[in-house]
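*Asks:* One structure is given below, represented as structure tokens, and several questions about it will come after.
Values quoted throughout were computed directly from the atomic coordinates according to the rules given, and no laboratory measurement underlies them. Worth saying up front: this structure is predicted, and the values here are computed from it rather than measured. We place every Cβ from the backbone using ideal geometry, glycine too, and count neighbours over all the protein chains shown.
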Amino acid sequence: MSIGVVMALLGAALATILAGIGSARGVGMATEAGMGVLSEDPSKFGKLLVLELLPGTQGLYGFIVAFMVLINIGILGGDAAISATQGYLYLAACLPIGIGGLISGIAQGRAAVAGISLVAKRTQEFSKAMVSTTLVEIYALLAFLVSLLSVIAVGGINL
């Protein structure tokens, strides 16, 4: 196995692991808050579930980027032979969603906790809680797009 493949696999692992940690932490925080509210008022389950799920998207974005890397380097069918330079470029391409997903997943979890607190007291304010929580998603999407477009670009470079 070449150093290029190893570096690309490291990038794919970091994209998945870091974004996954961000999502797990964010969803965990929001779910803890949601369960407290549900213990008092189970009728709010549907609204709280949406807020609890939002921080989970970062992990999905990291997985998609990693999957694209694995396809591009031939691990999932094909020849796994890329140059060292390409491997390092794949590693660099995975860092935006890895780091961005870690930070934004936790931040979105905190925003979701605040939204859940709002919904607990004022159910009619759900839309405000939803919009405020999704604001953090913009930065996760930006990191995802940078990583995804970079992975696609690296696949077209012959070095």
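*Asks:* Restricting attention to the range 119-140, which residues are over 20 Å from G62 (Cα atoms), aliphatic (A, V, I, L, M) and surrounded by 11 or more Cβ atoms within 10 Å (Cβ to Cβ)?
*Replies:* Across the range 119-140, the qualifying residues are V119, A120, A129, M130.
*Asks:* Just to be sure I understand, how many residues within the range 121-159 are over 22 Å from S104 (Cβ atoms), assigned to a helix (DSSP H, G or I) and of a type in the set (K, R)?
*Replies:* Total meeting the criteria: 1.
*Asks:* Taking into account only those residues within the range 55-94 that are in a helix (DSSP H, G or I) and of a type in the set (S, T, Y), which is farthest from A143 (Cα to Cα)?
*Replies:* In this case the residue turns out to be T85.
*Asks:* Right, something else. What are the residue pairs meeting all of these: first residue in the range 118-147, first residue within 18 Å of A33 (Cβ to Cβ), second residue surrounded by fewer than 18 Cβ atoms within 10 Å (Cβ to Cβ) and of a type in the set (G, A, S), Cβ atoms under 9 Å, and 6 or more apart or on different chains?
*Replies:* If the second residue must be surrounded by fewer than 18 Cβ atoms within 10 Å (Cβ to Cβ) and of a type in the set (G, A, S), the pairs left are L118/S132; A120/G36; T123/S43; A129/A114; A129/S117; S132/A114; T133/A114.
*Asks:* While we're looking at this one, here's another question. Please determine, by comparing only the residues of the range 95-131 that are among the basic types (K, R) and closer than 20 Å to D41 by Cα, which one is nearest to the chain's Cα centre (by Cα).
*Replies:* Across the range 95-131, the extreme among qualifying residues is K128.
*Asks:* If you go through the range 24-49, how many residues are under 25 Å from S104 (Cβ atoms), surrounded by fewer than 18 Cβ atoms within 10 Å (Cβ to Cβ) and among the aliphatic types (A, V, I, L, M)?
*Replies:* Of the residues in the range 24-49, 3 are under 25 Å from S104 (Cβ atoms), surrounded by fewer than 18 Cβ atoms within 10 Å (Cβ to Cβ) and among the aliphatic types (A, V, I, L, M).
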